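First the structure, in the form of structure tokens, and then the observations on it.
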Amino acid sequence: MKQDYIYLLFTNTGTLLTKAISLYTKAEYNHVSLALDLELNEIYSFGRKHLRNPFWGGFVKENTEEELFQKADCSIYAYAISSKQNKKLQETLAFFKQRKDNYHYNVIGLFGVMFNKPIPRSNAYFCSQFVAYLLMEAGMVSFDKPPELITPQDIQQLPGLISIYQGKLQGAV
């Protein structure tokens, strides 16, 4: 039986917002996305809906060909999942895709992370909150804190991650 995998893509795009977040986190990567394939054709996260406006965000299918990602630094990890987990993940993603215009970027939630106070908001996520929600909803992982406080670094430290690539995103695809 063939093993199913998902791929976690951690990036540093070097944008002003990324630099501001990095000042607080001191982390190498401050954005996380979930990819369904190693070729990175299907990547999902919460982020910018338009390149020039970091504050108009929501549920996005990311494209590695976009200018934002062209020179981004990244780390890619594989994560083994069961067929049952894969099915649940696909169902949850389908739900988000069908309602993509109802979702917004949870900017306020970033302040909750800073002050260690979860700020749940209806139909609003930031990248790591969304990825954590997907992983938890599919029964892949559990965290010792709510999704509203999960950072990309928390996800990057999950047991069982298999490092696939580190370098410029352009070189990975």
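Derivation of every value follows stated rules applied to the coordinates shown; laboratory data play no part. A quick note: this is a predicted structure, and the numbers were derived from the prediction, not measured. Positions of Cβ are generated from backbone atoms using ideal geometry, with glycine treated the same way; all protein chains shown enter the neighbour counts.
The figures follow:
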quantity: Mean ellipticity per residue at 222 nm, deg cm²/dmol - from DSSP H runs of n ≥ 4 across the chain, formula -39500 (n - 2.57); calculated: -9000 deg cm²/dmol
quantity: Size of charge dipole - the chain - debye, nearest 20, with Cβ of Lys, Arg +1 and Asp, Glu -1, no other charges; calculated: 360 debye
quantity: Set 117/168; 2/84; 2/88 screened for pairs whose C-alpha atoms are more than 24 Å apart; calculated: 117/168
quantity: Ordering of 64-71, 143-150, 41-48 by packing [mean C-beta count within 10 Å, highest first]; calculated: 41-48, 143-150, 64-71
quantity: Long pairs among 26/71; 49/97; 49/100, criterion Cα-Cα beyond 18 Å; calculated: 26/71
quantity: Residue with peak Gaussian network fluctuation, the chain [Cα springs, cutoff 10 Å], from 50, 31, 104; calculated: 50
quantity: q = 0.13, 0.14, 0.18 Å⁻¹: log10 I(q)/I(0) that the Debye formula gives for the chain, counting C-alpha atoms only; calculated: -0.59, -0.69, -1.23
quantity: Contour minus Cα-Cα distance for residue 123 and residue 24 (0.36 nm per residue); calculated: 33.1 nm
quantity: Theoretical gain in end-to-end length, residue 73 to residue 157 [0.36 nm per residue, Cα-Cα removed]; calculated: 28.4 nm
quantity: DSSP-defined beta bridges in segment 4-172 - what % are antiparallel, rounded to 5; calculated: 95 percent
quantity: Per-pair calculated FRET efficiency, R0 = 45 Å: residue 83 and residue 50 via Cβ, rounded to 0.05; calculated: 0.80
